Amino acid sequence: MKRVFLGSFAFSLLASTSLMAATKVNDIKVSGLERVEPETVISYVNIKKGQTTDDAQLNEALKQLYATGLFEDVSMNVSPSGTLTIKVTENPIISQVLFDGNDKLDDDMLSSEINLAPRSTYSRAKVQDDVRRILEVYRRSGRYATVVNPEIIRRDQNRVDLIFNINEGPLAVIDKINFIGNEKYTGKELQEVIMSKESRWYRIFSSSENYDSEKINYDKELLRRFYLKKGYADFRVVSAVGELSPNKESFTVTFVIDEGKKYNIGTVQVVSDITDVKAEDYEQFVEVSEGDRYDSSDIDATVTSLTEELGKKGFAFVDVEPIISKDTTTGVADVTFHIKEGERFFIDRINIRGNSRTHDKVIRRELRIGEGDAFNVSKIKDSRRNVEGLDYFEKVDMNTTAKDGNRADLDIDVKEKSTGYFNVGVGFSTVNGALVRAGVTENNFRGLGQRVGFDVGVSQKSQDVDLSFTEPYFLNRRLRAGFDLFHSKQDYQDESSYDTKTTGGRLRTGWNYTDDLAQQMHYTLKSDEITDVGEYASKYIKSEKGKYTNSSVGTTISYDKRDSILFPRDGYYLSFGTDFAGLGGDEKYIKFDGKAYWFKTLADYYTVKLFANAGSISGYGDEDVRLINRYFLGGYTMRGFEPGGIGARDKYTGDALGGNWMVYTGAELGFPIGLDELGISAHVFTDVGMLGKPDGINDNDVYYSDTPRVAVGFGFQWLSPMGQIDVDFGFPIVKEDYDETEVFRLNFGSRL
C-alpha cells in the first residue's frame, strides 16, 4: 500500500513535444489507457489523420485533455514519419472518501459540502477545490485556524482512498469590540445592544463570543434600530470590520459609526391619495405627537395602526408610507403619513426554513399575516420583529416570491442559536455575607418556546431553591401560564432574633393588552415558619413562633414605557398589585402595592431617576397581620439604614417588628466617571421612607414614629462579569434615636 501526501497541491503539467514545424499527421496512436477508449482521447485532441499540425495545435490539444479531468499526465510526440503518439496516465478512481480529526463537524456534514465521492474521478484540482470548501465550512462555524491536509492511499486497479486529515483548531472568538464615532453612548452601552460579545471565561456555554460575519451584519441592524429609537434619524454604520489575529484564534471587531443629529418630532399629519379615505378620520391612530423625541418604533407603530384600521374598513390593498422631513439645523423632523394604493397581492404559502429545533407553530403564532391574507408590508415587518423578539434565532429573513397571477409565497429563513444559559457566581454582600449562586435556564425548551429555570443560592444568612416553568401560549392563545416551586431559609437574628423557612408554589398567568400594558394573575400556596427564636427575643416574636399556611390570590397590572428593562435611560414604569389571603390557610389579609419609576437622560450622559413605592396590608376578621407578611425598610430599600432599621422596635430587646404600610421614594442621578469601558458609573441619591405601626402592638412596649426618614449619599455601580454590583454610602439626615443606621452597603444583583 502506497501512501501519497498531496501537500500544498503545487504541481506542474508535464508535457513534451518534439515537433518544431508544421507536420502532416499520418497516424495517431494512444497508449496508457485503462478505462477510457482511444476514440474518446482522439475526439478531445481534435486532430485527424492527414491533417497538418504545429506546436500551437498540440499545446491546445494538451489543454483540452487536461481539462477533461480524466488524466493525471499527458505527453505528445510526432515522429519524422508523421505518427502522433499520445501517452496518458489516467487519474485514478476514488474508492472511498474519509475524514480524520473532525470532532466538531461530522462526516455526513462534510460529505454534503464536497464534490468528490466514491466512484468519481480523482484529480488534484478537484481535491484542492474540496479543501477550500471544507475550510469555508469550518470558517462558517467560527474555526479560522483549521488546517486540512489531503492524503491518498494507492490501491490496485488504479484506485485510491482519499483521506482529508483535519486539524480543526480552536474557535475564533471575539477578543475586543471597538466603537469609533460614538459620542452619545459609551462602548459598554453599545455592547449591550449588539449580539456579538467579547470573550469572557463565564461565556463558556454561549455562542455570543464566537465570530460570525453574518452575526456582525445583524449587529449593524441592531445598532441602527437602537439609535433610531433614541432619536438619531440620520444614524448609519460606516463600516464593521473583523480583523483576524496572526494566530487565527481571535478577532478584533471595529464598528465605525456616524451618530448624526438627534431629532424631536415637529408637525405630524396624515394625507390620503384614496378618494374614499378621509385623512382626518385616521389622525386619532397616530402614535407620535409634536415635541416627542423621534422614535422609529413609534413611526412603525403608527404605520401598523393605520394599516390595520384601514383594513377593518375594507381597504385591504393600501400602503402607508411615512415621509420624514428633517431640519438638521433645528433638529426637528416633520412626519407625514401618506396613504396610497398598494399592490394587489395575496399570500399563497408561508414557507419556514432553517428551524431544525424550533417547531413551526412557535414561529407561525408570532406572524401578523397568514396564508390567504392580502399582502401587507407593514404586517410582514411586524412579523419579522416578533420572530426576532423571541431571541431564538441569530438571523431572521423574510422574502416574498411572486407566483402566477396575483399571489406570492412568503419565505421565512431562520438561523437558530443557543437558547440555554448556565450561570454560577460567588461573592460577598453586607446583607447576606459570603454567597454562592448557580442556575440553569432554557428559553426554548423542547423547541416549543417554553421557559424552564432552576436556581440555587447559598449564603451565610440565606439559602434558596427555585424551579420555574412558563408556557408563553397557553391553550394556543396569547396567554402566558406557568408555575414556580420554591424553598428558602433566611436568618433575621441580627434584625429581629428569629429565622424563617418558606416552602411553597405559585400558579400564574398573564397577558398583554398592548405592547406596554400587561396584567398578571397568580395563586400562591406556601408554608411559612418562624424558627430559632432567641431566648431574649421580643415577646411579639415569641408569640408567632411556629408554622402557618398562606393561601392567596393576586393580580398585578403594569405599564412599561422604559427604553430598556435592564438599563433604562428614558421612559417610565407603573404597576399596581393586590393580594387577597384567606382562601383556606391561616393567614387573612388584603394587600396593595404600587410602584412608579421615571427616567430621563440629560445631555446624553446624566440619567435622572425618580421613584415611589407604597404598600399597605390589613388583616380582616379577627386576624392581625403576622410578622412574616409585614413591610420592612432599610438596606437596599432605604439606604443609610440597616435592614429593618426604621419603624417599630421593641424597647426591651431592640428587635424590629415591621409595619402594616410603607412609603419609600426618592431621586437618583447617575453619571459617568471615565470608567465606561469597565462598566463602572457613579450616582448620588436621596431616599425618603416611612413605615406604619404593626397590628396588635402595645404602644408602651415599642419605639415608634411614622415621621419620614431621609438619607442622602453617593455610590458606584459596576456591571461586573459576575453581575451588577452596587456600592452605596448613605448618611441619614432625618432619623429617630432608636433607628439602626449604616453608612456602607454592598449589594449584588439589579434593582429598579
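The values are calculated or read from the model by the stated rules, or taken from the named source; none is laboratory data. Remember, predicted model here, so these are calculated numbers, not experimental data. Cβ atoms come from the backbone with ideal geometry, glycine included; neighbour counts cover every protein chain shown. These accessible areas exclude ligands, DNA and RNA; they are computed on the full protein's heavy atoms, side chains included. Shrake-Rupley method; radii C 1.70, N 1.55, O 1.52, S 1.80 Å.
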Every residue from region 626-671 that is of a type in the set (D, E, K, R), open to solvent by 30 Å² or more (accessible area, probe 1.4 Å) and out of contact with any Asp or Glu (no Cβ under 8 Å at 6 or more places or on another chain): GLU668
Criterion violated by VAL241 - all others in (1) open to solvent by 30 Å² or more (accessible area, probe 1.4 Å); (2) modelled with pLDDT under 90 satisfied: (2)
The one condition in (1) aromatic (Phe, Trp, Tyr); (2) open to solvent by 20 Å² or more (accessible area, probe 1.4 Å); (3) farther than 30 Å from THR302 by Cα that TYR218 fails to fulfil: (3)
Strands (runs of 3 or more DSSP E) within region 294-373 that include 3 or more residues more than 29 Å from ASP276 (Cα to Cα) and in contact (Cβ under 8 Å) with a residue 40 or more places away in the chain: 346-353
Tally, over region 374-415, of residues that are of a type outside the set (Asp, Glu), open to solvent by less than 50 Å² (accessible area, probe 1.4 Å) and part of a strand (DSSP E or B): 8
Every residue from region 244-255 that is open to solvent by 40 Å² or more (accessible area, probe 1.4 Å) and either modelled with pLDDT under 90 or of a type in the set (Asp, Glu) (or both): LEU244, PRO246, ASN247, LYS248, GLU249
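If you check LEU162, LEU135, LEU190, which single one turns out to be modelled with pLDDT of 85 or more, over 30 Å from ASP391 (Cβ atoms) and open to solvent by less than 30 Å² (accessible area, probe 1.4 Å)? Can you show your working first?
Numbers: LEU135 fails: open to solvent by less than 30 Å² (accessible area, probe 1.4 Å); LEU190 fails: over 30 Å from ASP391 (Cβ atoms).
LEU162 is the lone residue from the list that is modelled with pLDDT of 85 or more, over 30 Å from ASP391 (Cβ atoms) and open to solvent by less than 30 Å² (accessible area, probe 1.4 Å).
Would you say PHE226 is among the hydrophobic types (A, V, I, L, M, F, W, C), buried (at least 18 other Cβ atoms within 10 Å of the Cβ), touching a Leu at 6+ places or on another chain (Cβ under 9 Å) and closer than 30 Å to TYR263 by Cβ? Full working, then the answer.
Numbers: among the hydrophobic types (A, V, I, L, M, F, W, C): yes; buried (at least 18 other Cβ atoms within 10 Å of the Cβ): yes; touching a Leu at 6+ places or on another chain (Cβ under 9 Å): yes; closer than 30 Å to TYR263 by Cβ: yes.
So PHE226 fits the description; yes.
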Unique residue being of a type in the set (A, V, I, L, M, F, W, C), at pLDDT 85 or above and out of contact with any Phe, Trp or Tyr (no Cβ under 9 Å at 6 or more places or on another chain) when the list is ILE114, ILE94, ILE86: ILE86
Close pairs (9 angstrom Cβ cut-off, 6 or more residues apart or separate chains): closer than 19 Å to SER468 by Cβ and touching a residue at least 24 places away in the same chain (Cβ under 8 Å) in region 504-518, surrounded by 14 or more Cβ atoms within 10 Å (Cβ to Cβ) and of a type in the set (Asp, Glu) anywhere: GLY504/ASP484; GLY504/ASP528; LEU507/ASP484; ARG508/ASP484; ALA518/ASP560
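Looking at the structure I just gave you, is LYS595 of a type in the set (Lys, Arg), within 24 Å of GLY713 (Cβ to Cβ) and either at pLDDT 95 or above or open to solvent by 20 Å² or more (accessible area, probe 1.4 Å) (or both)?
Working: of a type in the set (Lys, Arg): yes; within 24 Å of GLY713 (Cβ to Cβ): yes; either at pLDDT 95 or above or open to solvent by 20 Å² or more (accessible area, probe 1.4 Å) (or both): yes.
Yes; evaluated as a whole, the condition is true for this residue.
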Residue list for region 586-627, filter: among the hydroxyl-bearing types (Ser, Thr, Tyr) and either closer than 27 Å to GLY231 by Cβ or in contact with a helix residue (DSSP H, G or I) (Cβ under 7 Å, 6 or more places away or on another chain) (or both): TYR589, TYR597, THR601, TYR605, TYR606, THR607
Meets criteria (open to solvent by less than 80 Å² (accessible area, probe 1.4 Å) and part of a strand (DSSP E or B)) for SER564: no
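Just need a number here: residues in region 669-689 that are outside any strand (DSSP E or B) and more than 26 Å from the chain's Cα centre (by Cα).
Residues meeting the conditions: 2.
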Selection within region 280-311 - open to solvent by 20 Å² or more (accessible area, probe 1.4 Å) and aliphatic (A, V, I, L, M): VAL286, ALA301
Complete set of residues in region 567-588 that are in a loop (DSSP other than H, G, I, E, B) and touching a strand residue (DSSP E or B) at 6+ places or on another chain (Cβ under 6 Å): PRO568, ARG569, ASP570, ASP586, GLU587, LYS588
Positions within region 510-541 being open to solvent by 70 Å² or more (accessible area, probe 1.4 Å), touching a strand residue (DSSP E or B) at 6+ places or on another chain (Cβ under 9 Å) and under 22 Å from SER462 (Cα atoms), in sequence order: LEU525, ASP532
Subset of region 51-73 (residues that are in a strand (DSSP E or B), open to solvent by less than 30 Å² (accessible area, probe 1.4 Å) and more than 21 Å from ASN26 (Cβ to Cβ)): PHE71
Within region 347-364, tally of residues that are of a type in the set (S, T, N, Q) and over 20 Å from the mean Cα position of the chain (by Cα): 1
Matching residues, region 257-271, being open to solvent by less than 40 Å² (accessible area, probe 1.4 Å) and either closer than 14 Å to GLN191 by Cα or hydroxyl-bearing (Ser, Thr, Tyr) (or both): ILE257, TYR263
